[in-house]
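The values are calculated or read from the model by the stated rules, or taken from the named source; none is laboratory data. On a predicted model such as this, the values are computed, not experimentally measured, just so you know. Note that each Cβ is placed from the backbone with ideal geometry, even for glycine, and that neighbours are counted across all protein chains shown. What goes into the accessible areas is simple: the full protein's heavy atoms, side chains included, and nothing from ligands, DNA or RNA. Shrake-Rupley method; radii C 1.70, N 1.55, O 1.52, S 1.80 Å.
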Amino acid sequence: MASQFFLKTSQDIELFQGYPRFNQSVANSIGGGVTSSILSPCSRFLALSTKEEVKIYTGDLFDHELLSLPLSNVYDLHFSPSGNYLGTWERPSAQDASHLNCKVWYLNKQLDSQDVEPIYQFQAKTQNGWNLQFSKLDNYAIRQFGKELKVVKLEQTNPVFDFDHPFATLSHKQESESQVFGTFLISPAEHPTICTFTPEKSGKPAHLTIWPIVEGQITKKIVTKTFFKADSCQLQWNSLGNAVLCVAITDFDSSNQSYYGENTLYLLSFQGVNGSLGGNSVRVPLSKEGPIHDFTWSPTSRQFGVIYGYMPATITFFDLRGNIVHSLEAQAKNTMLFSPSGRYILIAGFGNLQGAVDILDRHDKFKRVSHFDAANTSVCKWSPGGEFIMTATTSPRLRVDNCIKIWHVTGKLVFVKEFKELLKVDWRTFCPYKTMANSHIIKDWQEPKNDISQSLDPKLASANQLQIHESAEQYAAKHPKSNGSQGVGSQSKGAYKPPHARRAGANGGRNVPGMNVVNAKPQPRAQIPGLVPGATQQQGGGKSAAKNKKRANKRKEDPQPNQKEQQQRGQQQESSSAQEPTLKETSSPEEKKIRSLLKKLRAIEALKLRQSNGEKLEDTQVLKIQSEEKVLSELKFMGWQEESS
């Protein structure tokens, strides 16, 4: 089975098979009323919302409509990590202030559209951070209530969201009486933990802490870090859930060098279940000033990479202790993506950069294996099998040249599809759990020992075995400079040349002043209206031109005597000047020093004259007058006599 990818346009949602066929499997025509769409992380479901309802599809080709929910004005959807729960956010009602606009639906059971009810409802007026956070196996859910976090434990068969009687509670008082949790994130481990961030306030430092999920009131800290210069943060766990990266961000930069504040990177890690074997917290050493453009974990959870600093940015890889493993040369890049296997690393410059993409081999000392250009890219993702890369230009980020491109890891473009308006693209991953036959219900929550994702993409022994789709060949013929693994589209055009230099360089040689251009094509002379063909411009110039030509010839043949003498004198002067080289007069260091001291002495005399006229001088000017004796003594020491001035 090859990797699948889906895309959303303004008219329909399409599902494509991956390499090598890239054929379209399904195209659900939905008109222009879709407000939101999302694939579940387990790849079992595709959910989309319109102004009147929410539809959920399942099946190998998403051709089976599982559920239709009569919800209006749904503008955001969110799946839990295992796909068992779907959250919907409706626009708050202006007429009903008590309207519960956030609903959670349980999907891992037999469903009937006629008799389905949300398993939990609550109110969230803002769309930012409205969704609940679930653990990796969907057995815990967390929600923030004011100044504390409440955790409920969920059963797989009959889950109950009883936040009035939570399984665990974490209060902000464990950190500070006056500070409130600003951000929190649950880890993706089988035994999950919670990382919380408390911003600095009123001179008190910020706190970054990892907490275990234990029954009752949570008081034990696994590892913590306190620091200043932190108004907000971004958190990112590794896949094992035993280490977290935190980028602390300030709203303003004290050095006035950045519009985006100051960035600092911290690393918190622990060993054992709930930190039973200890923890560690460090500030990651970044050797260059400037913003942090991107940071990401390797799928192996043992290393992470950071792109930071003012352009050209520095790219560095670290281990779990925060020690530097490898650094790349400074380059204009701002995006880093590890392949699912962790072998390949994509380094690219998107956004306001040119779109150059490099693929590095982690197993071969970070050697660059390929390079290609993907300009105007707004979406970039690895395929689940780790052999192909998707780049896409989508609206509303860019409303022209919308398209999707599939590249092989060797840098070859294998598939292209262009659109008038492309809104969303994504790979369809695989479900790691066993489901019932011809059903969406998971029956076994044990992950397989073998990695299924590695079988999704074919492993090619060489680039010669790669099959290029006809769409890529047609695109390459239409855009010859935008394709190719050698980066043809990004070749440097060199420094700017003015038009006259471009014309001179067109003959294949350098244009040196005074040098005759060899083998230059004669430029046609502009024709004068009314001129007889074959006649020169002098011949067609009239009587006055003929008289002027005759006078000039006469002067050359018979110059006047005084002109002859002047010419002879000029020739003698030129010969003498050519024989006697001119010597440039240079001053000795003593003469230069004397001139400098005399200049100071004249300035002192001018200040004394102003002082005698009653003008009030500044303190520095008075001190300068007092230094007159010192200047005179230095002049006498240099051999200067006062009468010689």
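Restricting attention to region 185-214 and to residues that are in contact with a strand residue (DSSP E or B) (Cβ under 9 Å, 6 or more places away or on another chain), within 20 Å of S135 (Cβ to Cβ) and not in a strand (DSSP E or B), the residue that is most open to solvent (accessible area, probe 1.4 Å) turns out to be H191. Checking each residue in region 58-117 for being basic (K, R) and out of contact with any strand residue (DSSP E or B) (no Cβ under 8 Å at 6 or more places or on another chain) picks out only K109.
Here's a check for you: in region 356-375, which residue that is surrounded by fewer than 20 Cβ atoms within 10 Å (Cβ to Cβ) and closer than 24 Å to P480 by Cβ is farthest from the chain's Cα centre (by Cα)? Result: V369.
Might you check whether a residue that is in contact with a Lys or Arg (Cβ under 8 Å, 6 or more places away or on another chain), in the same structural domain as D251 (by the TED database) and acidic (D, E) occurs anywhere in region 192-200? The answer is yes; a qualifying residue exists. Applying the set (1) modelled with pLDDT of 90 or more; (2) acidic (D, E); (3) assigned to a loop (DSSP other than H, G, I, E, B) to D401 leaves exactly one unmet item: (1). Looking at (1) under 27 Å from W130 (Cα atoms); (2) open to solvent by 30 Å² or more (accessible area, probe 1.4 Å); (3) touching a Phe, Trp or Tyr at 6+ places or on another chain (Cβ under 7 Å), can you tell me which one D251 breaks? Here D251 meets the rest and fails (3). Only a single criterion out of (1) open to solvent by 30 Å² or more (accessible area, probe 1.4 Å); (2) under 19 Å from D361 (Cβ atoms) is not satisfied by L320, namely (2).
What number goes with the only condition from (1) of a type in the set (F, W, Y); (2) touching a residue at least 60 places away in the same chain (Cβ under 8 Å); (3) more than 24 Å from H479 (Cβ to Cβ) that F372 does not pass? It fails just one condition, (3). Of all residues in region 323-339, exactly one satisfies the criterion of being open to solvent by 50 Å² or more (accessible area, probe 1.4 Å) and touching an Asp or Glu at 6+ places or on another chain (Cβ under 9 Å), namely V325. If you check every pair at least six apart or on different chains, which have Cβ atoms under 8 Å apart with a residue in region 423-446 that is over 22 Å from S341 (Cα atoms) and without any contact (Cβ under 8 Å) to a residue 12 or more places away in the chain first and a residue that is assigned to a loop (DSSP other than H, G, I, E, B) and open to solvent by less than 40 Å² (accessible area, probe 1.4 Å) second? Taking only residues 6 or more apart or on different chains, the pairs are D444/Y433. Assessment of region 321-332 against the conditions (in contact with a Gly (Cβ under 6 Å, 6 or more places away or on another chain), part of a loop (DSSP other than H, G, I, E, B) and closer than 29 Å to C431 by Cα) yields no matching residue.
Hey, any hits in region 376-391 for a residue that's among the aliphatic types (A, V, I, L, M), open to solvent by less than 10 Å² (accessible area, probe 1.4 Å) and part of a strand (DSSP E or B)? Within region 376-391, one or more residues are among the aliphatic types (A, V, I, L, M), open to solvent by less than 10 Å² (accessible area, probe 1.4 Å) and part of a strand (DSSP E or B).
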